[in-house]
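The values are calculated or read from the model by the stated rules, or taken from the named source; none is laboratory data. This is a predicted model, so every value here is computed, not measured. For neighbour counting, all protein chains shown are included, and Cβ atoms are generated from backbone atoms with ideal geometry for every residue, glycine included. Heads up: the accessible areas ignore ligands, DNA and RNA and are worked out on the full protein's heavy atoms, side chains in. Shrake-Rupley method; radii C 1.70, N 1.55, O 1.52, S 1.80 Å.
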Amino acid sequence: MPPSDLLFQRFLKDLRPVLAEQGFRRKSQNFVIESPQCWGIINFQKSLHSSAGQKTFTVNVAIAAKRILRFYDEPADAPPLHYKCHWEVRLGQLIPGRSDRWWTLSDEASYDSAFTEVTGLITEKAVPIVKDHLTEEGLLELWGKILGGFEYPRLKEKSILLAERNEFDQLPSIFLRIREICRGGAAEEGSEKHIAEGERRFHLKAQ
């Protein structure tokens, strides 16, 4: 294994006790935490374009609602992949400036610098936002802040969760907004199928 890969694996190993204290367990390149309603995930994503002798990575922070996983007939008893979660944001978007942040490991100096910075950001930003929103109510709150992700997937999953909770009052306005933002675009056909399925499954009528 190249030295840069060894540094990356060491990074995850050294971070494990830090996140274990917060209730997270390591699963490959992820640290996961579970509540009765949701999964929380902190994912370490390696760049596909790292230079020779270097390993560049970023950190994704995500939450998935078990009720939405079950709606899609996906297992709810195991954490999903971070990009299949229902709310996701890059760690860099949780700090002032909200820029996409990547870190590079190449030697001991770069390791020490990256580990100090990333550990601080995760414990100060990622862990609190996940643990404070690891419920369906928390996920709805995050969607309301419009933090992370694109509007159509967020509205689609919000409509599913609200319908599963028998909270139907907001659905007509959500369906209307979905139609507004998807009309004439590549997502229009899929969005119409989603609305039709929602009407059929939950005996609703969109406006």
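Note down the magnitude of the dipole of the stretch 95-188 about its Cα centre, charges +1 on Lys and Arg C-beta and -1 on Asp and Glu C-beta and zero elsewhere, to the nearest 20 debye.
For this selection, approximately 460 debye.
Under a GNM of the chain (C-alpha, springs under 10 Å), which listed residue has the highest mean-square fluctuation: G53, G138, G40?
Top of the fluctuation ranking is G53.
At 1.4 Å probe size, with the rest of the protein present, what percent of the exposed accessible area of the stretch 68-168 is carbon and sulfur atoms? List each step's numbers first, then the result.
On the way: 2540 of 4990 Å².
Here carbon and sulfur together make up 51 percent of the probe-accessible area.
Say each of E199 and D107 gets a label point 7 Å from the Cα, pointing the same way as Cα to Cβ; how far apart are those two points in nm?
Those two pseudo-labels are separated by 6.5 nm.
Per-residue HN-Hα couplings for the stretch 177-182, Karplus 6.51 cos²θ - 1.76 cosθ + 1.60 at θ = phi - 60°, whole Hz, x for Gly and Pro?
Result, ordered by residue: 5, 4, 5, 4, 7, 9 Hz.
In degrees between 0 and 90, to the nearest 10, how far off the longest principal axis of the chain does helix 188-202 point, with axes built from Cα atoms?
Helix 188-202 and the main axis of the chain meet at about 70 degrees.
Within the stretch 1-146, count lysine pairs with alpha carbon atoms under 20 angstrom apart where the residues are 8 or more positions apart or belong to different chains.
16
Could you give each residue of the stretch 163-175 its phi-based ³J(HN,Hα) in whole Hz, using Karplus coefficients 6.51, -1.76, 1.60 with θ = phi - 60°, and x for Gly or Pro?
5, 5, 8, 6, 10, 8, 4, 7, 5, x, 6, 5, 4
About the Cα centre of the stretch 12-137, how large is the charge dipole given +1 on each Lys and Arg Cβ and -1 on each Asp and Glu Cβ? Please answer in debye to the nearest 20.
Details: 16 positive and 16 negative charges, 50 e Å.
Roughly 240 debye for the stretch 12-137.
Which value, in nm² and rounded to one decimal, describes the direction-averaged projected area of the C-alpha convex hull of the stretch 1-158?
Values: hull surface 38.2 nm².
If I average the Cα hull's projected area over directions, I get 9.6 nm².
With axes computed from alpha carbons, what is the tilt in degrees of helix 108-121 against the longest principal axis of the chain, rounded to the nearest 10 within 0 to 90?
Relative to the chain, helix 108-121 is tipped by roughly 30 degrees.
Among the lysines, select those whose C-alpha is under 18 Å from the C-alpha of K193, and discard any that sit fewer than 8 residues away in the same chain.
Candidates past the 8-residue exclusion: K156, K158, K205.
I'd like to know which of F71, A114, S4 lies farthest towards the positive end of the charge dipole of the chain, counting +1 on Cβ of Lys and Arg and -1 on Cβ of Asp and Glu.
Result: F71, furthest along the dipole toward the positive end.
Quick one: 3J(HN,Hα) in Hz for the stretch 44-50, Karplus 6.51/-1.76/1.60 with θ = phi - 60°, rounded, Gly and Pro as x.
Using θ = phi - 60°, the values come out as 9, 9, 7, 6, 7, 10, 5 Hz.
Once amide H atoms are placed 1.01 Å from N in the peptide plane, what residues at a sequence separation of 5 or more from S35, or on another chain, have their amide H within under 5 Å of its amide H?
Residues meeting the amide H criterion: G40.
Please tell me the relative contact order of the chain in percent, rounded to the nearest whole number, where contacts are Cα pairs under 8 Å and at least six residues apart. Before the final figure, lay out the partial values.
Numbers: 273 pairs, mean separation 35.7, N = 207.
That works out to 17 percent.
Accessible area per residue of the stretch 50-207 at 1.4 Å probe, in Å²?
Values: 8030 Å² over 158 residues.
Value returned for the stretch 50-207: 51 Å² of accessible area per residue.
So what's the angle, to the nearest 10 degrees on a 0 to 90 scale, between helix 3-20 and the longest Cα principal axis of the chain?
60 degrees
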